[in-house]
1. Of the residues that make up segment 27-35, is at least one within 21 Å of Val11 (Cβ to Cβ), in a helix (DSSP H, G or I) and not aromatic (Phe, Trp, Tyr)?
2. Which condition from (1) modelled with pLDDT of 95 or more; (2) small (Gly, Ala, Ser); (3) within 15 Å of the ligand (Cβ to nearest atom); (4) under 20 Å from His264 (Cα atoms) is the one that Gly136 breaks?
3. Checking the condition at pLDDT 95 or above and within 18 Å of Trp145 (Cα to Cα), which residue from Ile55, Ile103 passes?
4. Quick one: count up the residues across segment 302-316 that are within 10 Å of the ligand (Cβ to nearest atom) and farther than 21 Å from Leu16 by Cβ.
5. Quick one: is Ala60 at pLDDT 95 or above, assigned to a helix (DSSP H, G or I) and within 13 Å of the ligand (Cβ to nearest atom)?
6. Here is a check on your reading of the model: is Pro292 within 15 Å of the ligand (Cβ to nearest atom), over 18 Å from Val328 (Cα atoms), touching a residue at least 24 places away in the same chain (Cβ under 8 Å) and not in a helix (DSSP H, G or I)?
7. Does segment 138-186 hold any residues that are more than 19 Å from the chain's Cα centre (by Cα) and without any contact (Cβ under 8 Å) to a residue 24 or more places away in the chain, and which are they?
8. Restricting to segment 286-341, name every residue that is within 26 Å of Thr53 (Cα to Cα) and basic (Lys, Arg).
Amino acid sequence: MPRKELALLAVSVVSLLAGLWAALVLLGFHLPPLRPAFPADHAPLMVVGFLGTLIGLERAVSLRRPWTYLGPAATGLAALVLLAGLPGAPLFAALGGLGMTAIFVTLWRRTRAAHTAAMLLGALCFLGGNLLWLGGVPLAALVPWWIAFLLLTIAGERLELSRLVALTLADRAVFWAAAGLVTLGTVWSLLAPAGVRLAGAGLALLAGWLLTRDVARRTVRQAGVTRFIALGLLAGFCWLGVAGALLLAFGPYPPGLILDAQLHAFFLGFVLSMIFAHAPIVFPAVLRRPLPFAPRFYAHLALLHLSLLLRVGADLAGWPPGQYLGGVLNVVAVLAFLANTLWSVRRGRVVPREDSSRAEA
Ligand code: HEM
């Protein structure tokens, strides 16, 4: 078992668990807040500590160069510093953003292609958002940068896999038009609220692109883990469309519970669905151990999407009890994902190698 990979994965999972704890406190669930400021750490724990470390780790493993581990180590440290209630988290996050950018510059130099360019743009948005955090900009103003980071990174990965589908010049132009709207809207959001609406239009356009061009449309007709991955991806793309439409329609600082719907349609519906779907590929690569697929994976995937439907529906209807119940069930879905993944990794020990999951993704 690779030690540094395991340590970074453990920090990422601890950040996720702490982020869930803070989420429950934000929802109004009766849990001790640990520290008075702890609930406000929910977003950085999730984006920097959990996702920043996981994405950086995945890339470091694939590049196999010791320095590439510095980026995820820095984002992991940012989360640990936050958890300990110490100062310095934004500085470590900015260093993590720098590390992530260096990784994608290396990848871009190796392969000068559209997908590496999209991912490099995503890393630059991560760096930009973390520098804004370091500069004292409020979280609400820098969240579009974190959205752009995750969206461009994931979209770049999907573009890489779209080599399995014949993309026309027009397809590529639409992809870049959407990525351009997201980037421009994100930068503009610092100066004018309308930037958020522009980024929302980019999200919606990219959702349409992914739903009609991604290889998942084809692989969903297969069986086993390939079908599971494709369903997770397609459901995530639909939520990306919802998030884009909500950002476009309501812009920043929306009334009532709409902000909750805008943010979590993206972060839970799109991003976590991608994580659930990619887990059977990412975890074996990082841990160098098989993660056999089991039909029970559908339980956490279905719970995530159904509970989010309840939450977003309640947000839009202005019904706080529904938002609360949906939010608590979102947390249960993430815990079920962790439990099913751990169960499967343990089972993978006794499963012969040829039975481990393989997927076209
Ligand atoms: C798993 C269940 C989750 C629950 C129950 C939850 C709950 C909440 C709540 C109640 C808020 C405050 C909303 C408001 O001010 O109207 C919030 C804010 C936020 N959440 Fe979540 N969340 C969850 C998962 C996530 C995930 C996975 C991410 C990111 C990957 C995320 C990112 C954010 C962000 C960026 C904010 C805005 C923070 C700010 O402006 O200070 N959440 N969340």
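The values are calculated or read from the model by the stated rules, or taken from the named source; none is laboratory data. Note that the coordinates shown come from a computational prediction; the quantities given were computed from them, not determined experimentally. Here Cβ is always computed from backbone atoms with ideal geometry, including for glycine, and neighbour counts include all displayed protein chains.
1. Step one: filter segment 27-35 for residues within 21 Å of Val11 (Cβ to Cβ), giving 34-35.
Now drop any that are not in a helix (DSSP H, G or I), which leaves none.
No.
2. Condition (4) is where Gly136 drops out.
3. Working: Ile103 fails: within 18 Å of Trp145 (Cα to Cα).
From the options Ile55, Ile103, the qualifying one is Ile55.
4. Within segment 302-316, the subset within 10 Å of the ligand (Cβ to nearest atom) is 304, 307-308, 311, 315.
Still in the running and farther than 21 Å from Leu16 by Cβ: 315.
Here the count works out to 1.
5. Numbers: at pLDDT 95 or above: yes; assigned to a helix (DSSP H, G or I): yes; within 13 Å of the ligand (Cβ to nearest atom): no.
No.
6. On the way: within 15 Å of the ligand (Cβ to nearest atom): no; over 18 Å from Val328 (Cα atoms): yes; touching a residue at least 24 places away in the same chain (Cβ under 8 Å): yes; not in a helix (DSSP H, G or I): yes.
So Pro292 fails the test.
7. The answer is Pro138, Arg163, Ala166, Thr168, Leu169, Ala170, Ala173, Gly180, Leu184.
8. Selection gives Arg288, Arg289.
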